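What follows is one structure encoded as structure tokens, with my remarks underneath.
The values are calculated or read from the model by the stated rules, or taken from the named source; none is laboratory data. As the structure is a computational prediction, the values presented were derived from the model and not from experiment. With ideal geometry, Cβ positions are generated from the backbone for all residues, glycine too; neighbour counts draw on all protein chains shown.
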């Protein structure tokens, strides 16, 4: 079991306008997952045998599997299209897409697992040219439902200062519990979780990026984050408390894999990849952003 710290301070009592959202932290840890229908990062997924494997429109090469998520694991937070119970994310494992902000081009697939028919035994994306940090290792997911507030990057200066003052005055128990960063108590204890997740708020690493749908012009919602870093003491309350994960209690994090992050993902300078969705338009189009430190 993997979990994170839950603050005792009720911040919304002081700031009712701050939007609290539920999110599902994915907590990917390196492991082989034999079930092709299971929630996982990378590995073999439930792909219909008769359906063509998606290709990058710029390079005309196969995309690779990044995430597969079951409704039973994230559906309490993420709304699925009616009749669907499986979400798949694939991307082109290269950063050199100028029109996409030098980040991977991605596609999402919403599916009904009961109607997939015969499944592929081999996945696409073999022997394609790639950037190594764009290729996640196969990971099991240890999902955790949490509540979070917007990133500090989404707050105005006055609100940010007022929030930190309330936390310093009323949240000393929480500050001590996670050794919160005194430079930014808010993000250490309440702001959006920085690791890979579904739903909730985007944990912007730079200025907030208001993403508008190209079809309808409306603001899109955060759907997924794929992060270069999954666990770090600097995460404050979001630093994972590992309990018996992997063989011999190992946590499944590859700390010795220099420069490649715990899951094999290293986008830019320890960046995060945000997938936004518009549920107003048909087919639920997505847009993506990459931000780095």
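Quick notes on this structure:
- Flag for residue 188 being surrounded by 13 or more Cβ atoms within 10 Å (Cβ to Cβ) and closer than 30 Å to residue 36 by Cβ: no
- Restricting attention to the stretch 173-206, the residues that are within 18 Å of residue 19 (Cα to Cα) and not in a strand (DSSP E or B) add up to 15.
- Number of residues in the stretch 124-148 that are more than 21 Å from residue 228 (Cα to Cα) and at pLDDT below 95 equals 4.
- Only residues that are in a strand (DSSP E or B) and without any contact (Cβ under 8 Å) to a residue 40 or more places away in the chain were counted in the stretch 6-48, giving 0.
- Close pairs from the stretch 274-293: first at positive phi, partner surrounded by 20 or more Cβ atoms within 10 Å (Cβ to Cβ) and assigned to a loop (DSSP other than H, G, I, E, B), Cβ under 7 Å, at least 6 apart: 284/278
- There is no residue in the stretch 227-236 that is surrounded by fewer than 17 Cβ atoms within 10 Å (Cβ to Cβ), touching a residue at least 40 places away in the same chain (Cβ under 8 Å) and farther than 24 Å from residue 139 by Cα.
- Yes/no for residue 160 being surrounded by 15 or more Cβ atoms within 10 Å (Cβ to Cβ), farther than 28 Å from residue 1 by Cβ and in contact (Cβ under 8 Å) with a residue 24 or more places away in the chain: yes
- Matching entry among 251, 269, 256 (being at pLDDT below 95, more than 30 Å from residue 168 (Cβ to Cβ) and in contact with a strand residue (DSSP E or B) (Cβ under 6 Å, 6 or more places away or on another chain)): 251
- So residue 137, is it assigned to a loop (DSSP other than H, G, I, E, B) and closer than 19 Å to residue 12 by Cα: no
- Residue check, residue 104 modelled with pLDDT of 95 or more, within 20 Å of residue 273 (Cβ to Cβ) and touching a helix residue (DSSP H, G or I) at 6+ places or on another chain (Cβ under 6 Å): yes
- Any hit, the stretch 156-164, residues being touching a helix residue (DSSP H, G or I) at 6+ places or on another chain (Cβ under 9 Å), within 30 Å of residue 9 (Cβ to Cβ) and part of a strand (DSSP E or B): no
- Number of the exception - residue 147 against (1) in contact with a strand residue (DSSP E or B) (Cβ under 9 Å, 6 or more places away or on another chain); (2) assigned to a loop (DSSP other than H, G, I, E, B); (3) over 30 Å from residue 51 (Cβ atoms): (2)
- For the condition out of contact with any strand residue (DSSP E or B) (no Cβ under 6 Å at 6 or more places or on another chain), in contact (Cβ under 8 Å) with a residue 24 or more places away in the chain, surrounded by fewer than 23 Cβ atoms within 10 Å (Cβ to Cβ) and under 30 Å from residue 285 (Cβ atoms), residue 208 qualifies.
- Only residues that are in a strand (DSSP E or B) and closer than 25 Å to residue 173 by Cα were counted across the stretch 207-238, and they come to 0.
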